[in-house]
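I have placed the structure first, in the form of structure tokens, so that the comments after it can refer back to it.
The values are calculated or read from the model by the stated rules, or taken from the named source; none is laboratory data. All values reported here derive from a predicted model rather than from experimental measurement. Counting neighbours? That spans all protein chains shown, and the Cβs are built from the backbone with ideal geometry, glycine included. All accessible areas refer to the heavy atoms of the entire protein, side chains included, with ligands and DNA or RNA removed. Shrake-Rupley method; radii C 1.70, N 1.55, O 1.52, S 1.80 Å.
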Amino acid sequence: MAVIGSVAALFAVIVAFILLNPTLVQPREPAIGIETGQYAPSFTIRDVNMTEWDLAAHRGEVVLLDFMGVYCGPCMQEMRDGSMQSLYETYTSQGFTILSIDVGGISGTENPMEAWRFVRGLNSDGTQRWDPGNWPIALDNQGLVTTFGVGPIPMKYLLDRSGKIVWNHVGYATPTEFRDQILPIL
């Protein structure tokens with residue numbers, strides 16, 4: 001009988017402890033970071049049109065952060081095959097958006113006009129290279145490549161409507177890869 005009383009008392013103490021500390025049994029909020037399941041680090045950046053783009057203002061949308069460069073071969077291929085343009089046109093009305101961030105350096109540019117022409121599919125003489133993209137592009141002038149651990153490009157981070165990273169991808173992504181990741185979270 002004493003054993004049953006001791007077990008009951010221990011059980012009562014555990015239940016009381018949990019009731020007084022409900023965070024012990026509730027799932028913890030994910031941390032801020034660059035791993036899948038974490039909230040993406042917040043930032044505000046001016047695009048090449050000098051419009052502020054604040055990641056926090058896009059909570060409630062599915063966001064594709066596209067770290068790229070205007071001289072990057074796989075980045076050009078993604079634009080040439082039209083997969084990014086198709087995604088943007090098809091899903092923007094459902095709360096999907098893209099921000100391209102030119103990394104500068106060897107594969108990117110420091111020239112806002114070059115970056116703008118790249119997304120719009122224009123050569124420097126104004127002739128069309130590929131179908132235009134209508135999303136914003138910014139130059140990384142604040143070290144987002146370091147914040148997001150960008151190495152080889154293109155590098156993508158797909159964020160769900162809460163701002164959590166659900167997919168990251170390095171290198172060329174096929175239209176099917178994009179769709180397979182975006183559709184479940186729209």
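Here is a check on your reading of the model: is THR174 out of contact with any strand residue (DSSP E or B) (no Cβ under 9 Å at 6 or more places or on another chain), farther than 19 Å from ILE34 by Cβ and without any contact (Cβ under 8 Å) to a residue 40 or more places away in the chain?
So THR174 fails the test.
Taking MET155 and the conditions (1) touching a Phe, Trp or Tyr at 6+ places or on another chain (Cβ under 7 Å); (2) more than 20 Å from PRO41 (Cβ to Cβ), which numbered condition does it fall short on, given that it satisfies the others?
All conditions are met except number (2).
Please work out which one of (1) among the small types (Gly, Ala, Ser); (2) surrounded by fewer than 16 Cβ atoms within 10 Å (Cβ to Cβ); (3) at pLDDT 95 or above is the condition GLY69 fails and give its number.
(2)
Within segment 177-186, restricting attention to residues that are hydrophobic (A, V, I, L, M, F, W, C), touching a residue at least 60 places away in the same chain (Cβ under 8 Å) and in a helix (DSSP H, G or I), which residue is farthest from ILE98 (Cα to Cα)?
The selected residue is ILE185.
On the given criteria, is ILE34 closer than 20 Å to ASN134 by Cα and either of a type in the set (S, T, N, Q) or modelled with pLDDT of 95 or more (or both)?
Criteria not met by ILE34.
Just the residues that are farther than 18 Å from GLY104 by Cβ and under 13 Å from the mean Cα position of the chain (by Cα), please, taken from segment 42-59.
SER42, ASP54, LEU55, ALA56, HIS58, ARG59
When you scan segment 60-70, do you find a residue that is charged (D, E, K, R), farther than 21 Å from THR176 by Cα, touching a residue at least 40 places away in the same chain (Cβ under 8 Å) and part of a strand (DSSP E or B), even just one?
no
Specify which of the listed residues (TYR91, TYR39) is closer than 23 Å to LEU183 by Cβ, within 11 Å of the chain's Cα centre (by Cα) and touching a residue at least 60 places away in the same chain (Cβ under 8 Å).
Going through TYR91, TYR39 in turn, the sole match is TYR39.
Looking at LEU158, is it at pLDDT below 95, over 17 Å from CYS72 (Cα atoms) and within 15 Å of the chain's Cα centre (by Cα)?
Considered against the rule, which asks whether it is at pLDDT below 95, over 17 Å from CYS72 (Cα atoms) and within 15 Å of the chain's Cα centre (by Cα), LEU158 comes out as no.
Yes/no matrix, rows are residues, columns are (1) touching a Gly at 6+ places or on another chain (Cβ under 7 Å); (2) open to solvent by less than 40 Å² (accessible area, probe 1.4 Å); (3) assigned to a loop (DSSP other than H, G, I, E, B); (4) not hydroxyl-bearing (Ser, Thr, Tyr):
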{"position": "TRP135", "(1), (2), (3), (4)": "no, yes, yes, yes"}
{"position": "ALA138", "(1), (2), (3), (4)": "no, yes, no, yes"}
{"position": "THR146", "(1), (2), (3), (4)": "no, no, no, no"}
{"position": "VAL150", "(1), (2), (3), (4)": "no, yes, yes, yes"}
{"position": "TYR157", "(1), (2), (3), (4)": "no, yes, no, no"}
{"position": "SER162", "(1), (2), (3), (4)": "no, no, yes, no"}
{"position": "HIS169", "(1), (2), (3), (4)": "no, yes, no, yes"}
{"position": "ALA173", "(1), (2), (3), (4)": "no, yes, yes, yes"}
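For segment 74-129, what are the residues that are part of a loop (DSSP other than H, G, I, E, B), open to solvent by 70 Å² or more (accessible area, probe 1.4 Å) and of a type outside the set (S, T, N, Q)?
Listed by number, the residues that qualify are ILE106, GLU110, ASP125, ARG129.
Quick check on segment 43-58. Is at least one of its residues of a type in the set (Asp, Glu), within 21 Å of ARG179 (Cβ to Cβ) and open to solvent by 40 Å² or more (accessible area, probe 1.4 Å)?
no
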